[in-house]
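Participant: This structure is in structure tokens; I'll ask about it shortly.
The values are calculated or read from the model by the stated rules, or taken from the named source; none is laboratory data. A quick note: this is a predicted structure, and the numbers were derived from the prediction, not measured. All Cβ positions, even for glycine, are placed from backbone atoms using ideal geometry, and neighbour counts span all protein chains on display.
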Amino acid sequence: MNMTSDISAPATPLPATTVASRSNPVHARPAIELQDASVIFGKGDQAVTALTPTTLKMERGDFLALVGPSGCGKSTILRLASNLIQPSSGNVLLGGREAAAKELRIGMAFQNPTMLPWRSIEKNVMLPLKIVEPFKRTFQRDRKGAYRDRVHALLEQVGLKDFAGHFPWQLSGGMLQRANLCRALIHDPDLLLLDEPFGALDQFTREELWQVLQDLYLDRQPTVLLVTHDLREAGFLARRICVMSARPGRVISDRAVTMPQPRDISVIYSPDFVEMTQGLRELIAQIRK
Amino acid sequence: MTETNKIRSMSFSLILGFFLMWEVLCIMLNVSDLILPRPSEIAVTLWTRFPVLWPHILQTLYSTLTGFSLGVIIGVSIGVLIGTSRVAYGVAYPLLVGFSSIPKVAVVPIFVLWFGSGTTPAILTAMVICVFPIVVNISTGLATTEPDLEDVLKTLGASKSEILWNVGLPRTMPYFFASLKVAITLSFVGAVLSETVASNRGIGNVMMTASSNFQVSLVFAGLIVLALMGVALYAFFSFLESRVTGWATRGNDIAVT
Ligand SMILES: Nc1ncnc2c1ncn2[C@@H]1O[C@H](COP(=O)(O)OP(=O)(O)OP(=O)(O)O)[C@@H](O)[C@H]1O
Ligand SMILES: [Mg+2]
């Protein structure tokens, strides 16, 4: 059954629609689409279901926040979307194609900031420019010039300007997460996958970075899939919030956040906002029982 | 005086004390210089015979370094090959372990048989003896690379070779340099050994000839030269290691102001 859908899937999108789809979002091909995708690790007795068949669709330029209890499969969805793992059943389409086709430029921030310990922060953040086209082409020429300035500008935005030359072990957990975010953004990705990127930060830095992320989002309009445990974070940043049930998870609620963007940080104290997060909190409290 | 300086001066005193003790005991116990010459005699021999020893020092150094370089090239190639492929790792490991458990002295007669005595068997012995530790370290380093680090590159769509260059190999450098320190010492041993058995050049041969002519203090002078060369080679690669893989030994230097 899966075999047939695998084969037929790439045939569906028409190449000619690429240009039109950007200007006409209603008919755009979705940026990510999970079609009954499930993930099972291991075999036989050892098998762990990380994700029961899940269907999730994201339009280009959308900002979706994924919330849910620990272990429900949120990171697994991100790993599917970034093509790090293949679904055990179902399909994962990126930009309307099989994930392996790599039509989209992906930026990902993992749950733990995986900085390469032998590279300075600056060189870590610059890494995507060395790997991803079209930046890769002129990497040798630009790494001491234009790319370096680009990295420094981004580091300055998150308050890490003075730490560009430091090594990862010389930074605190929160600082590493900020660098992690920079690395996910430096190559101007079409699709941004963020796994609890602000987890280890204090409230003030966190709110500051929400605004940084919002600005970057509104500026460049990538498709963003953000996993978070913080309902206020989800409400402040996202256009759409999906709630997942406990392990093995699936999406049980999918609602839009209609407040206009850009949002001011004070919005999180407005009655509408409080009401929305309260609703989500009750929903999650229910599914935990 | 800082802690390290203290330790340094103590170990210097220990070395000095060792030679003093040797000198004094030889005089007190009236040891014949045909059995154990005094350090002062050895030093004099070293000084007067140095012009004769010098070409042999260069010869031994040449054999060691040539064999070592070949060994590094072969070791790194095999290590990368079996470290990046799980299958190759499983298939090749038993054979490698088999090779490594052969005492390397045993290959000298074979090399002499094939290439005659001289420089070639010394180089080849130095080579085979150092390949294995390099292979083991490179392949373990690559095979144990944290998947998290590789994932960073995979999400960016990096190719296999890009992952190897940007994650696998840098991560393996500390292992590689640790193995180089071991390997250079082994190569040195291998080269000297082969010279001793089958060559008419090199420090190993000088010692052998001196021994059969009862030039005891020259034998010991050769030994001192070998010790100094061994230490110098080891120190050089230690220094290189600390320069290249400083990130692996994170500092805990707390500034006191
Ligand atoms: N490599 C793996 N092998 C086996 N089981 C796994 C693996 N990765 C994840 N799992 C299992 O899949 C389930 C979902 O994991 P996932 O990391 O997606 O959870 P999560 O929603 O991100 O949780 P958290 O909020 O704590 O990060 C977990 O129960 C976990 O035990
Ligand atoms: Mg997770």
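Participant: Of these, A:Gly73, A:Gly42, which one is on the phi > 0 side of the Ramachandran plot, within 11 Å of ligand 1 (Cβ to nearest atom) and surrounded by 24 or more Cβ atoms within 10 Å (Cβ to Cβ)?
Facilitator: Exactly one residue qualifies, and that residue is A:Gly73.
Participant: Which residues, taken from the stretch A:90-109, are at pLDDT 90 or above and more than 9 Å from chain B (Cβ to nearest Cβ)?
Facilitator: Scanning the stretch A:90-109 gives a single hit, A:Ala109.
Participant: Against the definition (surrounded by fewer than 23 Cβ atoms within 10 Å (Cβ to Cβ), of a type outside the set (D, E, K, R) and under 18 Å from B:Val80 (Cα atoms)), how does B:Thr172 come out, yes or no?
Facilitator: Details: surrounded by fewer than 23 Cβ atoms within 10 Å (Cβ to Cβ): no; of a type outside the set (D, E, K, R): yes; under 18 Å from B:Val80 (Cα atoms): yes.
For B:Thr172, the condition - surrounded by fewer than 23 Cβ atoms within 10 Å (Cβ to Cβ), of a type outside the set (D, E, K, R) and under 18 Å from B:Val80 (Cα atoms) - is not met.
Participant: Between residues in the stretch A:186-201 that are within 12 Å of chain B (Cβ to nearest Cβ) and closer than 20 Å to A:Pro128 by Cα and residues that are within 16 Å of ligand 2 (Cβ to nearest atom) and part of a loop (DSSP other than H, G, I, E, B), which pairs lie under 7 Å by C-beta distance while being six or more apart or on different chains?
Facilitator: Filtered contacts from the stretch A:186-201: A:Leu193/A:Ser82; A:Asp195/A:Phe110; A:Asp195/A:Gln111.
Participant: Does the stretch A:45-69 hold any residues that are under 17 Å from the mean Cα position of the chain (by Cα) and near ligand 1 (Cβ under 10 Å from one of its atoms), and which are they?
Facilitator: Answer for the stretch A:45-69, where residues must be under 17 Å from the mean Cα position of the chain (by Cα) and near ligand 1 (Cβ under 10 Å from one of its atoms): A:Leu66, A:Val67, A:Gly68.
Participant: Another question, then. Only residues that are in contact with a helix residue (DSSP H, G or I) (Cβ under 9 Å, 6 or more places away or on another chain) and either aromatic (Phe, Trp, Tyr) or more than 26 Å from B:Ala210 (Cβ to Cβ) (or both): list them for the stretch B:19-39, please.
Facilitator: B:Phe19, B:Trp22
Participant: Further question on the same structure: Return the only residue of A:Lys136, A:Lys144 being over 22 Å from the mean Cα position of the chain (by Cα) and either within 16 Å of ligand 2 (Cβ to nearest atom) or farther than 21 Å from A:Thr114 by Cβ (or both).
Facilitator: A:Lys144
Participant: The conditions are (1) of a type outside the set (Val, Ile, Thr); (2) within 14 Å of chain B (Cβ to nearest Cβ); (3) in a loop (DSSP other than H, G, I, E, B); (4) farther than 17 Å from A:Asn180 by Cα, and A:Phe139 fails exactly one of them. Which is it?
Facilitator: The number of the failed condition is (3).
Participant: Separate question: Read through the list (1) surrounded by 14 or more Cβ atoms within 10 Å (Cβ to Cβ); (2) part of a helix (DSSP H, G or I), then give the number of the only condition that B:Val31 fails.
Facilitator: Single failed check for B:Val31: (2).
Participant: Being on the phi < 0 side of the Ramachandran plot, within 16 Å of ligand 1 (Cβ to nearest atom) and of a type outside the set (A, V, I, L, M, F, W, C) is the filter here, so list the residues in the stretch A:176-213 that pass it.
Facilitator: Within the stretch A:176-213, A:Gln177, A:Asn180, A:Asp195, A:Pro197, A:Gly199 qualify.
Participant: Give the number of residues within the stretch B:156-170 that are small (Gly, Ala, Ser) and at the interface with chain A (Cβ under 10 Å from one of its Cβ atoms).
Facilitator: Qualifying residue count for the region: 3.
Participant: Still on this structure, please answer the following. Please return the ranges of helices (runs of 4 or more DSSP H) entirely within the stretch B:111-226 where 1 or more residues are under 23 Å from A:Val125 (Cα atoms) and charged (D, E, K, R).
Facilitator: Per the criteria, B:147-155, B:160-163, B:169-198.
Participant: Go through (1) part of a helix (DSSP H, G or I); (2) within 17 Å of the chain's Cα centre (by Cα); (3) more than 16 Å from ligand 2 (Cβ to nearest atom) one by one and return the number of the condition A:Leu192 breaks.
Facilitator: (1)
Participant: Looking at (1) surrounded by fewer than 17 Cβ atoms within 10 Å (Cβ to Cβ); (2) touching a Ser or Thr at 6+ places or on another chain (Cβ under 6 Å); (3) within 24 Å of A:Gly71 (Cα to Cα), which is the only condition A:Gly173 fails?
Facilitator: (2)
Participant: Of the conditions (1) away from chain A (no Cβ under 14 Å); (2) buried (at least 20 other Cβ atoms within 10 Å of the Cβ), B:Ser117 fails just one. Which one is it?
Facilitator: Single failed check for B:Ser117: (2).
Participant: Given (1) β-branched (Val, Ile, Thr); (2) more than 16 Å from the chain's Cα centre (by Cα); (3) within 13 Å of ligand 1 (Cβ to nearest atom), identify the lone condition not met by A:Ile85.
Facilitator: The number of the failed condition is (2).
Participant: Given the criterion within 28 Å of A:Gly173 (Cβ to Cβ), of a type outside the set (Val, Ile, Thr) and modelled with pLDDT of 85 or more, identify the matching residue among A:Glu208, A:Glu275.
Facilitator: A:Glu208
Participant: Continuing with the same structure: Quick one: A:Asp62 ticks every box in (1) surrounded by fewer than 24 Cβ atoms within 10 Å (Cβ to Cβ); (2) at pLDDT 90 or above; (3) within 14 Å of another protein chain (Cβ to nearest Cβ) bar one, so which box is it?
Facilitator: Exception for A:Asp62: condition (3).
Participant: Starting from the stretch A:67-79, take each residue that is part of a helix (DSSP H, G or I) and list its partners that are within 8 Å of ligand 2 (Cβ to nearest atom) and among the polar types (S, T, N, Q), counting only C-beta distances under 9 angstrom and pairs at least six apart or across chains.
Facilitator: Once the first residue is part of a helix (DSSP H, G or I) and sits in the stretch A:67-79, its partners that are within 8 Å of ligand 2 (Cβ to nearest atom) and among the polar types (S, T, N, Q) give A:Ser75/A:Gln111; A:Leu78/A:Gln111.
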